[in-house]
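Peer 1: One structure, pasted below without further comment.
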Amino acid sequence: MENTSMRILPDKVQYQEGEQVCLEIKDVEVQAEDEIRLTLFRYTGEEIPCKIVEIRDHSIFLPESIPEGIGGYLAKVELFRKGKPISSACTAFDVVDSWSDAPRYGFLSCLSGEEPRSGSYSDFFREMHLNVIQFYDWMYRHDCFYPEGDLYTDIMGRKGSMAAVRDRIQGVHDCGAKAIAYGAVYGAESFQEAHPECRYLYDNGEPMVFIDRIWLMDIHRGTAWRKKILLEYQKALQSGFDGIHMDQYGDPKEAYVFVDNQLVIRDLADDFRDLINEAKETCPRNCFIFNAVNNWPVDSVAKSREDCVYIEVWSPNDTYGDLFRLIEHARCKGDKKQVILAAYLNPFKTDPAANEKGATAQLAMATIFASGGFHLLLGEEGRILTEAYYPDNYRIANPSLWNSLKRYYDFITAYGELLFPKDWIDVTTQYAGGINSEFVFGKIAWSPYPEAGKVWIRIYKRSREFSVRYVNFTGIEDMNWNHTHFDLPVCKKNLETKVKLPGQKIRICALSPDAAAQEPMHLDYTVRCGEDRRQEIRFELPELSVFTVVYMNLE
């Protein structure tokens with residue numbers, strides 16, 4: 001039974017191995033005679049009935065022996081009163097070696113001190129398991145992060161408070177997340193007046209200026225600007241931040257500077273990589289995330305010492321297929337670093353009412369997650385990013401949309417091992433379609449790439465395990481991820497799959513964020529000898545709404 005009157009939140013957004021897990025019960029009163037049952041689920045379909053060590057202040061403390069090592073877990077809590085079920089709710093948590101194994105990126109941008117204190121933010125972060133939080137435009141100036149006093153007005157005219165920044169950092173740390181300071185790599189204001197030699201120049205010798213107020217400066221090794229911005233980064237890290245979000249604007253890609261009274265062309269792709277490496281060398285224990293705007297220059301920076309590959313997506317990368325391609329390319333270039341897409345959902349700004357049904361968000365998330373990428377989308381106390389200026393965001397007011405987002409973030413946290421591990425090998429076009437007969441999908445129009453009107457399927461392999469990812473585009477004609485999608489895809493039922501592979505101990509289960517209950521569903525199957533004398537395993541996926549993953553273990 002799923003009852004939305006009860007909510008369950010882990011006390012941390014993510015755990016290190018050996019940390020005790022605590023689950024907080026919210027929005028329901030637990031009486032002394034009530035019975036609470038806790039069951040944990042793994043992506044393999046395994047159920048772990050869990051004895052509760054202690055219940056104190058509406059918090060459930062798990063035994064130190066659980067969780068059983070690295071990985072993700074779905075936690076189902078059931079409340080019984082006099083033997084009768086009263087409420088049930090699910091949450092998720094994961095145990096990792098490092099935050100960069102599963103970077104669920106979120107944001108904060110309201111830092112004036114007039115907002116609610118950190119509690120409301122950390123509750124949302126815990127509910128959605130956001131473990132890395134970018135503090136967007138938190139600073140006084142791009143080239144001078146800290147003002148002389150507490151209160152300040154930033155370059156865009158917004159009020160800020162360093163006391164509020166410190167409070168938010170503490171709140172982020174209290175729930176186990178990393179606090180990341182935004183810092184543009186080449187944006188300067190007053191600094192350029194004393195150092196005109198550091199300005200990037202157009203062909204006509206005029207300085208490059210962004211939005212008529214931010215001068216773009218030379219980040220080449222040894223320049224005064226490079227020393228200045230690295231110093232500002234160090235100040236932020238010394239003041240409590242865990243890392244830096246190193247931003248650029250996507251343009252220019254090459255620029256002139258004056259060196260010894262001569263014009264010299266700078267290749268920014270090379271300089272970006274070198275800057276990231278020096279920042280990491282200076283502060284090796286801190287986190288560094290660089291913005292490869294519209295995939296530039298991923299080929300250069302993905303091999304730097306940045307912790308993740310981060311791509312801010314813009315046109316012409318407009319389709320669901322483009323999202324998949326960006327992630328696949330970045331994973332190949334980035335030495336298997338995890339990939340984050342900043343894919344801002346502008347429809348929540350232009351037509352929010354039409355998007356509260358959730359189809360626009362679900363299709364974008366499903367595509368990104370099925371591709372093995374993470375999505376910078378959520379932040380504050382419950383908001384969705386709609387554009388690159390983060391204060392212009394959308395407040396989630398519709399409970400149905402909120403619950404849909406929660407299910408998707410529970411799903412990638414509990415079952416991330418089906419989506420994000422670095423050792424999955426993509427075998428889709430080797431095992432299915434055309435001359436391939438290892439996987440045959442019957443009675444549906446499907447494609448190995450996102451296509452209008454079809455079910456998109458990708459197959460990943462790791463030893464004898466398979467992660468088969470289904471995203472439903474049936475009934476979807478517009479494949480632009482940043483357009484309003486009024487309705488969910490046409491639900492598909494009883495999807496037949498025939499697998500021609502050996503294996504004696506067979507386990508098959510389906511997992512989906514679209515159902516109210518997210519426990520793994522074990523699928524019945526039959527085994528027979530095919531006409532070619534190979535073993536055939538047949539099963540049916542009962543229902544595909546938007547996104548489902550089928551896990552197979554063929555030992």
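The values are calculated or read from the model by the stated rules, or taken from the named source; none is laboratory data. Since the model is a prediction, treat every value here as computed from it, not as a measurement. Neighbour counts run over all protein chains shown; Cβ positions are idealised from the backbone, glycine included. Note: areas computed on protein heavy atoms with side chains; ligands, DNA, RNA excluded. Shrake-Rupley method; radii C 1.70, N 1.55, O 1.52, S 1.80 Å.
Peer 1: Which percent of the accessible area of the stretch 168-306 is formed by carbon and sulfur heavy atoms (probe 1.4 angstrom)?
Peer 2: On the way: 2610 of 5860 Å².
Summing carbon and sulfur atoms, their accessible area is 44 percent of the total for the stretch 168-306.
Peer 1: Given +1 on the Cβ of Lys and Arg, -1 on the Cβ of Asp and Glu, and no further charges, what dipole in debye does the chain carry about its Cα centre, rounded to the nearest 20?
Peer 2: That gives a dipole near 1460 debye.
Peer 1: Then there is this: Using a 1.4 Å probe and counting only protein heavy atoms, arrange 174, 94 so the residue with the most accessible area comes first.
Peer 2: Numbers: 174 100, 94 10 Å².
Listed by decreasing accessible area, they come as 174, 94.
Peer 1: So how exposed is residue 260, as accessible area in Å² (1.4 Å probe, rounded to 10)?
Peer 2: Roll a 1.4 Å probe over it and residue 260 shows about 140 Å².
Peer 1: At 1.4 Å probe size, with the rest of the protein present, what percent of the exposed accessible area of the stretch 48-99 is carbon and sulfur atoms? It would help to have the intermediate numbers written out before the result.
Peer 2: Values: 1200 of 2380 Å².
Roughly 51 percent, rounded to a whole number.
Peer 1: So what is the diffusion coefficient of the stretch 8-119 in µm² per second by Stokes-Einstein at 20 °C and 1.002 mPa s, using a Kirkwood Rh over Cα pairs? Provide the component values of the computation, followed by the final result.
Peer 2: Working: Rh = 15.7 Å.
For these conditions, the coefficient is 137 µm²/s.
Peer 1: Rank these by accessible area, largest first, 1.4 Å probe: 528, 285. Could the numbers behind the result be given before it?
Peer 2: Numbers: 528 110, 285 230 Å².
The most accessible residue leads, giving 285, 528.
Peer 1: Answer rounded, prolate or oblate for the stretch 182-247, using the Cα gyration tensor with square roots of eigenvalues a ≥ b ≥ c: rounded when a/c is under 1.5, else prolate when a/b is larger than b/c, else oblate. The partial results should precede the final answer.
Peer 2: Working: a/c = 2.46, a/b = 1.92, b/c = 1.28.
Taking the square roots of the gyration eigenvalues as a ≥ b ≥ c, the stretch 182-247 is prolate.
Peer 1: Using +1 at the C-beta of Lys and Arg and -1 at the C-beta of Asp and Glu, which of 61, 408, 472 has the Cα lying farthest in the positive direction of the dipole of the chain?
Peer 2: Comparing the listed Cα positions along the dipole, 472 ranks first.
Peer 1: Give me the net charge of residue 259's neighbourhood, meaning all other residues with Cβ under 11 Å from the Cβ of residue 259; Lys, Arg count +1, Asp, Glu -1.
Peer 2: Values: positive: 266; negative: 197, 218, 260.
Its environment carries a net charge of -2.
Peer 1: For helix 320-333, what angle does its Cα long axis make with the longest principal axis of the chain, in degrees from 0 to 90 and rounded to 10?
Peer 2: Its long axis makes an angle of about 70 degrees.
Peer 1: Roughly what % of Cα-Cα distances in the chain sit above 37 Å, to the whole percent?
Peer 2: Values: 53052 of 153735 pairs.
Beyond 37 Å sits 35 percent of the P(r) for the chain.
Peer 1: Counting other Cβ atoms within 10 Å of each Cβ, which trypsin sites (Lys or Arg not before Pro) in the stretch 66-128 have at most 11 and sit in a DSSP loop? Walk me through the numbers before you get to the answer.
Peer 2: Numbers: sites: 76, 81, 82, 104, 117, 126; in loops: 82, 104, 117.
Those that pass, being in a loop and sparsely packed, are 82.
Peer 1: For residue 542, what is the net charge nearby, where nearby means another residue's Cβ is under 13 Å from its Cβ and Lys, Arg count +1, Asp, Glu -1?
Peer 2: Working: positive: 492, 493; negative: 496, 514, 524, 540, 543.
The answer is -3.
Peer 1: Residues with beta-carbon under 14 Å from that of residue 327, excluding residue 327: net charge, scoring Lys, Arg +1 and Asp, Glu -1? Walk me through the intermediate numbers first.
Peer 2: Working: positive: 325, 331, 333, 336, 337, 422, 458, 469; negative: 312, 322, 328, 426.
Every neighbour counted, the sum reads +4.
Peer 1: Carbon and sulfur atoms: what percent of the 1.4 Å accessible area of the stretch 396-531 do they account for?
Peer 2: On the way: 3070 of 5960 Å².
Carbon and sulfur: 52 percent of the exposed surface of the stretch 396-531.
Peer 1: As a check on your grasp of the helix formula, calculate [θ] at 222 nm for the chain: sum -39500 (n - 2.57) over DSSP H runs of n ≥ 4, divide by the residue count, round to the nearest 500.
Peer 2: Values: 12 runs with 116 residues, N = 555.
When only DSSP H runs of four or more count, the value is -6000 deg cm²/dmol.
Peer 1: With angles folded into 0 to 90 degrees, how steeply does helix 359-370 sit against the dominant principal axis of the chain? Use alpha carbons for both and round to 10.
Peer 2: Here the helix axis deviates by roughly 90 degrees.
Peer 1: Any idea of the accessible area per residue across the chain, 1.4 Å probe, to the nearest Å²?
Peer 2: Values: 22160 Å² over 555 residues.
In whole numbers, the chain has 40 Å² accessible per residue.
Peer 1: A further question on this structure: So, in Å, what gap is there between the alpha-carbon centers of the stretch 33-68 and the stretch 242-319?
Peer 2: Using only Cα atoms, the two centres lie 44 Å from each other.
Peer 1: Sort 299, 532 by heavy-atom solvent-accessible area, probe 1.4 angstrom, most to least.
Peer 2: Details: 299 90, 532 65 Å².
Heavy-atom accessible area, descending, gives 299, 532.
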